[in-house]
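*Asks:* I'd like to ask some things about the structure below.
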Amino acid sequence: MDLKQFEADNCSSCRLASLIPDVCRAEDCCLGVDEAGRGPVLGPMVYGICFCPVSKKEELKDLKVADSKTLTEAERENLFQNLDQAKSYVGWALQILSPNMISTSMLQRMKYNLNALSHDTAIGLIQYALDSGVQLKEVYVDTVGPAEKYEVKLSERFPGIKVTVRPKADSLFPVVSAASICAKVARDRVVKGWKFAEDLGQIDTDYGSGYPNDPKTKEWLLKYLDPVFGYPQFVRFSWSTAQTLMDSKAVTVHWDDDEEDGEKAAERQNNRSMLSYFSASAEADRAQQTHRFFTERRLKSLKSL
């Protein structure tokens, strides 16, 4: 698993994938979908898929894959190596969603919540497998939100494929367990080798589990909270834990437009708002001398749109 592509730009999203086994392009296949790192306030969320021929289900089960959350880091690494060695019939792909990408998505003007982001990422990975020639006939997914609705959504999106969505699917279906292991191993490696873009000096990497209720994680968040610039991009600043700490410990910033529109704020500060250039009266135009940049180019203000 080569993480260099993500490490080169760890503030966006990145897809990693194994080679597609030839047998997966020739035989009917099953595919599992799971994620790692949905809840933590630190680090990325990683979505993973794993696929193999339906005829190889028992061989996959013999690899002793299990829900990644029940395994130690060493056990997960060992199982990932076993999956990698079974590359003649097992393939995988990952989508690494950076903390910055998650937070900016959730806080943008048109809200894009974590469930929608998760669904779209899973759909994108399933589509990637199809586009790569994998002959998918069965898809198993660990649910995000109501299982029945999610199953209907995926079934409509991928007609002709039998879709099964279940809570705790990573403990029910070996192919989902395999996807879980791939995703968790990738997240562990990314978190352990995270390259901070910010100049923070000697970084304390003892940030605990990364979950909001972990005392070590909270201590780390307090330690690296800049009162003006907030958190490094390793932190999901859209999480309520991070927002609460910023509200209580960081410098308060007042945005004029939060309480009054741009026209009033500009008028109070003796400035012109952007809107005034589209609705200024003739008298106002005459009172204000036009800059030569506009006169030389024979540009005039619009009176109406």
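*Asks:* Scan the strands (runs of 3 or more DSSP E) fully inside the range 8-54 and keep the ones with 1 or more residues being farther than 19 Å from residue 186 by Cα.
*Replies:* By residue number, 29-36, 45-53.
*Asks:* Which of the residues that make up the range 9-59 are more than 30 Å from residue 231 (Cα to Cα), exposed (fewer than 15 other Cβ atoms within 10 Å of the Cβ) and either free of Cβ contacts under 8 Å to residues at least 40 places away in the same chain or among the acidic types (Asp, Glu) (or both)?
*Replies:* Within the range 9-59, 22, 28, 55, 58, 59 meet the criteria.
*Asks:* Residues in the range 157-180: is at least one touching a residue at least 24 places away in the same chain (Cβ under 8 Å) and acidic (Asp, Glu)?
*Replies:* Yes, the range 157-180 has at least one match.
*Asks:* Let me ask something else about it. Against the conditions (1) surrounded by 13 or more Cβ atoms within 10 Å (Cβ to Cβ); (2) assigned to a helix (DSSP H, G or I), where does residue 247 fall short? Just the number, please.
*Replies:* Of (1) surrounded by 13 or more Cβ atoms within 10 Å (Cβ to Cβ); (2) assigned to a helix (DSSP H, G or I), only one is false for residue 247: (1).
*Asks:* I'm trying to understand the selection: among the residues of the range 105-132, which are closer than 17 Å to residue 184 by Cβ and either surrounded by fewer than 18 Cβ atoms within 10 Å (Cβ to Cβ) or aliphatic (A, V, I, L, M) (or both)?
*Replies:* Hits for the range 105-132 are 122, 125.
*Asks:* If you check residue 76 against the conditions, is it open to solvent by 10 Å² or more (accessible area, probe 1.4 Å), at pLDDT below 95 and in a loop (DSSP other than H, G, I, E, B)?
*Replies:* Criteria not met by residue 76.
*Asks:* So residue 1 passes all but one of these: (1) open to solvent by less than 50 Å² (accessible area, probe 1.4 Å); (2) out of contact with any Cys (no Cβ under 7 Å at 6 or more places or on another chain); (3) within 16 Å of residue 188 (Cβ to Cβ). Which condition number does it fail?
*Replies:* Every listed condition holds for residue 1 apart from (1).
*Asks:* If you don't mind, there's one more thing I want to ask. Could you go through the range 257-267 and let me know if any residue there is open to solvent by 70 Å² or more (accessible area, probe 1.4 Å), of a type in the set (A, V, I, L, M, F, W, C) and at pLDDT below 90.
*Replies:* no
*Asks:* State whether the residues of the range 97-104 include one that is outside any helix (DSSP H, G or I), of a type in the set (Gly, Ala, Ser) and open to solvent by less than 20 Å² (accessible area, probe 1.4 Å).
*Replies:* yes
*Asks:* Ok, one more. Within the range 204-214, is even one residue in contact (Cβ under 8 Å) with a residue 12 or more places away in the chain, in a helix (DSSP H, G or I) and within 18 Å of the chain's Cα centre (by Cα)?
*Replies:* no
*Asks:* Okay, moving on. Filter the range 160-170 down to residues that are modelled with pLDDT of 95 or more and part of a loop (DSSP other than H, G, I, E, B), then give me how many there are.
*Replies:* Total satisfying the criteria: 1.
*Asks:* Restricting attention to the range 50-93, report how many residues are polar (S, T, N, Q) and over 29 Å from the mean Cα position of the chain (by Cα).
*Replies:* Residues in the range 50-93 being polar (S, T, N, Q) and over 29 Å from the mean Cα position of the chain (by Cα): 2 in total.
*Asks:* Also: I'm told residue 177 meets every condition in (1) farther than 11 Å from residue 33 by Cβ; (2) open to solvent by 10 Å² or more (accessible area, probe 1.4 Å); (3) touching a helix residue (DSSP H, G or I) at 6+ places or on another chain (Cβ under 8 Å) except one. Can you identify the failing condition by its number?
*Replies:* That leaves (2) as the condition not met.
*Asks:* Check 140, 150, 128 and return the single one that is over 15 Å from residue 30 (Cα atoms), hydroxyl-bearing (Ser, Thr, Tyr), outside any loop (DSSP other than H, G, I, E, B) and out of contact with any Asp or Glu (no Cβ under 8 Å at 6 or more places or on another chain).
*Replies:* So the residue among 140, 150, 128 that is over 15 Å from residue 30 (Cα atoms), hydroxyl-bearing (Ser, Thr, Tyr), outside any loop (DSSP other than H, G, I, E, B) and out of contact with any Asp or Glu (no Cβ under 8 Å at 6 or more places or on another chain) is 150.
*Asks:* Across the range 196-217, which residue is most open to solvent (accessible area, probe 1.4 Å) among those that are touching a helix residue (DSSP H, G or I) at 6+ places or on another chain (Cβ under 7 Å) and under 13 Å from residue 42 (Cα atoms)?
*Replies:* Top of the filtered list is 211.
The values are calculated or read from the model by the stated rules, or taken from the named source; none is laboratory data. None of the values given here were measured: they were computed from a predicted structure. FYI the Cβ positions are ideal-geometry reconstructions off the backbone, even for glycines, and counts take in every protein chain you see. When the accessible area is computed, the model is the full protein with side chains, heavy atoms only, and any ligands, DNA or RNA have been set aside. Shrake-Rupley method; radii C 1.70, N 1.55, O 1.52, S 1.80 Å.
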